[in-house]
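A.B. asks: First, the structure itself, so that you have it in front of you.
The values are calculated or read from the model by the stated rules, or taken from the named source; none is laboratory data. Worth saying up front: this structure is predicted, and the values here are computed from it rather than measured. In this analysis, Cβ positions are derived from the backbone assuming ideal geometry, glycine residues included, and neighbour counts consider all displayed protein chains. With ligands, DNA and RNA removed, areas are computed over all heavy atoms of the protein, side chains included. Shrake-Rupley method; radii C 1.70, N 1.55, O 1.52, S 1.80 Å.
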Amino acid sequence: MDFELDDDERSLQDGIRSFLAGRYPMTAVRAHEETGAAVDRDLWRALADVGVFSLRADGFGMTETALAFEELGRALANGPLVASHLAAGTTSALVGGAGDGTRIVGLVEPSEPVTVIEHLASLDDLLVVRDDGVFLVDPGSVVSTPVAHPLDALTPISVVSSLPTGEQLGGAELSASLRRDGMVLTSALQLGVCLATIDLARDYALQREQFGRPIGQFQAVKHMMADMLTKAEVTRAAVYAAAVHLDGRGDDADVAQVVRAAKVLAGDSALFCAKTCIQVHGGMGFTWEVDAQRYWKRACVLDTQFGNSDHHAAAFAAAL
Amino acid sequence: MDLQFTAEEDAFRYELRAWLGTAIASMPVQPQRDDWTARRRYDAAWQRMLFDAGYAGINWPREFGGRGATPTEHLIFLEETERARAPYVGQNFVGLLHAGPTLIAEATPDQKAFHLPGILTGEHIWCQGFSEPSAGSDLASLSCRAMRDGDDYVINGQKIWTSFGHTADYCEMLVRTDSDVPKHRGISWLIVPMGLPGMDVRPLRTMEGSTEFCEVFFDEVRVPVANRVGAENDGWRVTMVTLSFERGTAFISEMLQSMELARDLAELAKRITRNGATAWDDAGLRRDIGRICAELDALWALTKRNVSQAQRTGVVGPGGNVFKLAYAELRQRLGDLAMHLLDRASLSVDDIGDLPSGEHVHGRIHALSLGIAAGTSQVQRNIIAERILGLPKDR
Ligand SMILES: Cc1cc2nc3c(=O)[nH]c(=O)nc-3n(C[C@H](O)[C@H](O)[C@H](O)COP(=O)(O)OP(=O)(O)OC[C@H]3O[C@@H](n4cnc5c(N)ncnc54)[C@H](O)[C@@H]3O)c2cc1C
C-alpha cells in the first residue's frame, strides 16, 4: 500500500493547476460572472486540450481525473464539467465531440421537488440519467424556464416543466456507473472548494490586523481554520479512496459505500469550509467582492448534484 | 417567576392586535427587495401609521414622544407585530434602536427637540457610521478624523458597512478627536447630516448582490461643533449606551419570524415527496426540525428572561450576548436545513412556483451575516468568557 500521490499524479495535478491559473484566474472568473456566465467555448476547448474531458478516454484512471477535478473546483471553473467528462466516455464516447470540447454536454437527473438543469442555454447535448437508463436529449426540446436569479451567479439554471424521452444510450447499468463516477468527480470539485477556501482564509488571517495584530494570532481564528483543514484532509482521504477504488486498486471495502462516503464528506466539508471562510473575513466576507461567497454558493450547487449529503448518508446507513 | 401576563398587559395586547388588523390591510404592497428608495417610502409610511396610532417609539419615554411602554409591553408589541406579519422596522432601525435612544440619554434639549420627532414619525432615516476598513471588531481603533476649526469639525476619513447610507438623512457617527490619548478616550459622537459637501457615499454590493450598505468617504467635511452629542472625547461611553440597546431587542422580531419559518418547514416537508414518500416521513428530518423548533422556543423563553431583567435593572445583561451568539448559530442551522429540504429548488434566489425558495435562500444568506454584524460570534464568545466568566483577557 502507498496511498500517497506518485510523481506522475503530482505533475498532472500541477499541470492542470498552472494551466487554470494562467487561463482562468479569479479575475476572469469574476469578469465571467458580469457577462452572464454562459460557457466560454474557447475556454472549454482549452480545457479539452489539457485533457479535462478525455482523460479517461485517453487511458488515465479515475484517480488522475479526480486530481484534475480537484483543481477545477479550486479554480471555481464553471460549466457542466462533470457531465461533459462523463459524456466523453471511457472505452467509447457516449456523445461524440464531448472529449475534444467541440460539444458542451450537460446532465440532468429528474428530481423532486423540481427538476433543474444547469447551463441549459450553453448546451449542445443533454444526458438524462434515470434509474432505468441514460437518454440523449436535444437541449432545445426541453420545455423550461430560466431562473432570473440563480444562487450561484456562475451557474445559470432552468426549471424544467417537460423533458422529452430522447434516444436511449444505455440501461440501468450505464445509469448507475455514470452516477457513481459523477459522485466521485463532484466530490473532487468539492474538495477543491475546501482547499481554496483554506488558502483564502489563511491569506486573510495573516494580512488582516485588528487589536494591533494579525487576526490569525487569535486562538478563535486559529481554531476555525484548524477545523477547516481537519475537515478538508479527512475529505481528501475519502475522495482519493473512492477514486482509487474505481480504478480497481481499492481494498476490500464496498465500493458503493466508499463512493457515498466521499460525497457525504465532501458535501458537508465544502459547505463548512466556505462558510467558515466567510466568517474569517468578517464583514468583508459578506461582500460580493470577496471570493469566499462564490465558493459558498458553488458548494451549495455541488451538494445538490448526484444526491446531497443527507441523501447519501441515509443510503450509507441503509446499506449497513 | 411567572410567565403569565397581567390584565393590563393583556389589554395592551388585544388593543394592539385589533389596531394591527385594520392598519396592515391599508398598507401598500411591499416594494422590491433592492429598490431602496421605494423601501424607504414604505418603511416611513408604516412608521407614520405607528406614530399616528401612538405606537411609535414604543419603549421611549413619554416626555420624548414615545409611548413609555414597559419592556414587557415592548415584547408584546414585537410579538404581535410579527404575528400579524406587519412591516419591519426596516430603515427606521438605526433611528429607533440606536440613535434615538442615544440622543434621549445624552443629547442636549435642543438636539432632542429637533431630532426625536423626525425619527418617531419616520420622516428622518438614520444610518450608523461606526465601522471603518481598519476598525471592525476593534472599533475603538477608528481613525476617521475630526479636527476643530472654529465652530466646526472638519472630517477626513472613511466609514464602511454603513447600512442604508444611501437613503439616510442623518448619520450617527464616531470620529477621532484626539490621537494622543489611549484609543477609547479620543473618540466623539456626532450627528452628521448626509449629503454635505465633501461626502461621497458609494454603495457596497453584498453577497446577495444587493446594495444594503455603503462606504462613505469624507474629504474636508464641515460639521458644526453643536452637532456633537456628549462631551468631546467621551464618544466611546456614549456609544456603549447605543450598543447595549442593539443587543437587547434588535433580533427579537426576526427570531420570532424564524420560529414561524421553522414551523413552515414542517408543512413544506409534508408537501415534498421523494421516492414515493414525503420528506416528513424521514425521521432524521423530523428530529432536526423538532430540535430547531425546541431551541427557538427556548430562545424565546431566554428573551423573556432578558426582558424581565431589563425591566428590573434598566439594562440588558449578559443574556443579550448569549442570545446573539446562540441565535446566530441556530439561524444558520435552520437555513441549512431549509436548503437541504428544498434541495435543487434552493439553487434559485426567487420562489419556484409554490416552493418558497426565495424566503429560505435569502434567510440562509442573511444568517451568514448574523455571526458577523453587531459583534462577531468570536467577539461575543470573548465577551461571555471575559465579562461573564471573568476569565483573563488574551489581548
Ligand atoms: C450585514 C452587515 C451590516 C452592517 N451594518 C453596519 C452599520 O450599519 N454600521 C456600522 O458601523 N457597521 C456595520 N457593520 C459592520 C460590523 O459591525 C463589522 O463587520 C463587525 O464588527 C466585524 O468587523 P470586521 O468586518 O472588520 O471584521 P474583523 O474584525 O476584521 O474580523 C475578522 C475575523 O477576525 C475575528 N476576530 C477579530 N477580532 C478578534 C478577537 N479579538 N478575538 C477573536 N477573533 C477575532 C472575527 O471574529 C472575524 O472572524 C455591518 C456588518 C454586516 C455584515
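A.B. asks: Can you give the percent of C-alpha pairs in region B:7-88 whose distance is more than 20 Å?
C.D. replies: 35 percent
A.B. asks: Just give the residues from region B:109-155 buried by at least 20 square angstrom of accessible area in the all-chains context relative to the isolated chain, probe 1.4 Å, and say none if nothing qualifies.
C.D. replies: When all protein chains are present, B:Pro133, B:Ser134, B:Ser137, B:Asp138 each give up 20 Å² or more of accessible surface.
A.B. asks: Separate question: Please give the per residue accessible area of region B:127-234, computed with a probe of 1.4 Å over protein heavy atoms only, in Å².
C.D. replies: With the other protein chains kept in place, region B:127-234 gives 38 Å² per residue.
A.B. asks: How big is Rg to Rh over region B:33-77, alpha-carbon atoms, Rh as the Kirkwood inverse-mean-distance radius?
C.D. replies: We get a ratio of 1.11 for region B:33-77.
A.B. asks: Also, I was wondering about something else. Per DSSP H run of at least 4 residues, take -39500 (n - 2.57); add these up for chain A, divide by its residues and hand me the 222 nm value, nearest 500 deg cm²/dmol.
C.D. replies: Helices in chain A give a 222 nm mean residue ellipticity of -17500 deg cm²/dmol.
A.B. asks: Ignoring solvent entirely, what values of log10 I(q)/I(0) come out of the Debye formula for chain B at 0.07, 0.08, 0.09 Å⁻¹ when each Cα is a single scatterer?
C.D. replies: -0.35, -0.45, -0.58
A.B. asks: While we're here: Using a 1.4 angstrom probe on heavy atoms only, work out the carbon and sulfur share of the accessible area of region A:169-320 in %.
C.D. replies: With neighbouring chains kept in place, the figure for region A:169-320 is 56 percent.
A.B. asks: With only alpha-carbon atoms counted, please give the Rg and Dmax of region A:57-200, in Å.
C.D. replies: That works out to 15.0, 45 Å for Rg and Dmax.
A.B. asks: I'd like to know which of A:Ala176, A:Ser84, B:Ser253 lies farthest towards the positive end of the charge dipole of the protein assembly as shown, counting +1 on Cβ of Lys and Arg and -1 on Cβ of Asp and Glu.
C.D. replies: Farthest towards the positive pole: B:Ser253.
A.B. asks: In vacuo Debye scattering of region A:181-289, one point per C-alpha: log10 I(q)/I(0) at q = 0.19, 0.22 Å⁻¹?
C.D. replies: Values returned for q = 0.19, 0.22 Å⁻¹ are -0.86, -1.03.
A.B. asks: May I ask for the Rg/Rh ratio of chain A, computed from Cα atoms with Rh as the Kirkwood radius, given to two decimals?
C.D. replies: My calculation puts Rg/Rh at 0.96.
A.B. asks: Something else about it: Return the value, in Å² to the nearest 100, of accessible area buried between chains B and A (probe 1.4 Å, both sides summed).
C.D. replies: The contact between A and B buries close to 3900 Å².
A.B. asks: At a 1.4 Å probe, what is the % contribution of carbon and sulfur to the accessible area of region B:251-388?
C.D. replies: 52 percent
A.B. asks: Also, I was wondering about something else. What whole-number distance in Å separates the alpha-carbon centres of region A:253-320 and region B:1-63?
C.D. replies: Answer, in whole Å: 41.
A.B. asks: In sequence order, what are the phi-derived ³J(HN,Hα) couplings for region A:86-91 according to the Karplus relation 6.51 cos²θ - 1.76 cosθ + 1.60 with θ = phi - 60°, rounded to whole Hz, with x for glycine and proline?
C.D. replies: Once rounded to whole Hz, the list reads 5, 5, 6, x, 10, 7.
A.B. asks: A follow-up question, please. Mind putting a number on the dipole of the protein assembly as shown about its Cα centre? Charges go on the C-beta only, +1 for Lys and Arg and -1 for Asp and Glu, and I need it in Debye to the nearest 20.
C.D. replies: Charge dipole, the protein assembly as shown, about its Cα centre: 1740 debye, nearest 20.
A.B. asks: For chain B, what is the mean residue ellipticity at 222 nm derived from helices alone (per DSSP H run of n ≥ 4: -39500 (n - 2.57); sum divided by total residues; nearest 500 deg cm²/dmol)?
C.D. replies: -15000 deg cm²/dmol
A.B. asks: So what's the projected area for region A:174-237, the Cα convex hull averaged over all directions, in nm²?
C.D. replies: With the hull built on Cα positions only, its mean projection is 4.6 nm².
A.B. asks: Work out the charge dipole of region A:143-225 with +1 on the Cβ of Lys and Arg and -1 on the Cβ of Asp and Glu about the Cα centre, then indicate which of A:Ala196, A:Met225, A:Val147 is farthest towards its positive end.
C.D. replies: A:Met225
A.B. asks: While we're on this one: Compute all pairwise cysteine Cβ distances in chain A, then list the cysteines with no distance under 4.7 Å to another cysteine.
C.D. replies: A:Cys277, A:Cys300
A.B. asks: Okay, moving on. Separation between the A:Thr230 and A:Asp203 pseudo-spin-labels, each 7 Å from Cα along Cα→Cβ, expressed in nm?
C.D. replies: 2.6 nm
A.B. asks: In square angstrom, what is the accessible area per residue of region B:251-388 with a 1.4 angstrom probe?
C.D. replies: It amounts to 40 Å² per residue over region B:251-388.
A.B. asks: Another question, then. State the Cα centre-to-centre distance between region B:249-286 and region B:183-208 in whole Å.
C.D. replies: 40 Å
A.B. asks: Still on this structure: Give me the one-decimal Kirkwood hydrodynamic radius in Å for region B:251-388, with the sum taken over alpha-carbon pairs.
C.D. replies: It works out to 16.1 Å.
A.B. asks: Skip the ligands, DNA and RNA, and give the accessible area per residue of region A:174-319 with a 1.4 Å probe, whole Å².
C.D. replies: Per residue, region A:174-319 has 35 Å² of solvent-accessible surface.
A.B. asks: Can you list the lysines whose alpha carbon is less than 19 Å from that of B:Lys270, not counting same-chain residues fewer than 8 positions off?
C.D. replies: Cα-Cα hits under 19 Å: none found.
A.B. asks: In the structure displayed, which of B:Lys304/B:Lys393; A:Lys231/A:Lys263; A:Lys275/A:Lys297 lie more than 21 Å apart, Cα to Cα?
C.D. replies: B:Lys304/B:Lys393
A.B. asks: Something else now. I want to make sure I understand the PRE zone here: with the label point 7 angstrom from the Cα of A:Gln219 toward its beta carbon, which residues in region B:351-395 have backbone N atoms less than 18 Å away?
C.D. replies: Residues passing the 18 Å test: B:377-395.
A.B. asks: Then there's this: Over all distinct Cα pairs, what is the inverse of the mean 1/r for region A:1-90, reported as the Kirkwood hydrodynamic radius in Å?
C.D. replies: Every distinct Cα pair counted, the radius reaches 13.7 Å.
A.B. asks: Just to be sure I understand the interface: list residues from region A:110-126 that lose 50 Å² or more of accessible area between the chain on its own and the complete protein assembly, 1.4 Å probe.
C.D. replies: In region A:110-126, residues shielded by partner chains: A:Glu112, A:Pro113, A:Val114.
A.B. asks: Based on Cα positions only, what radius of gyration and what Dmax would you give for the protein assembly as shown, in angstroms?
C.D. replies: 27.8, 85
A.B. asks: Hey, got the dipole for region A:174-319? About the Cα centre, +1 on K and R Cβ, -1 on D and E Cβ, debye to the nearest 20?
C.D. replies: 240 debye
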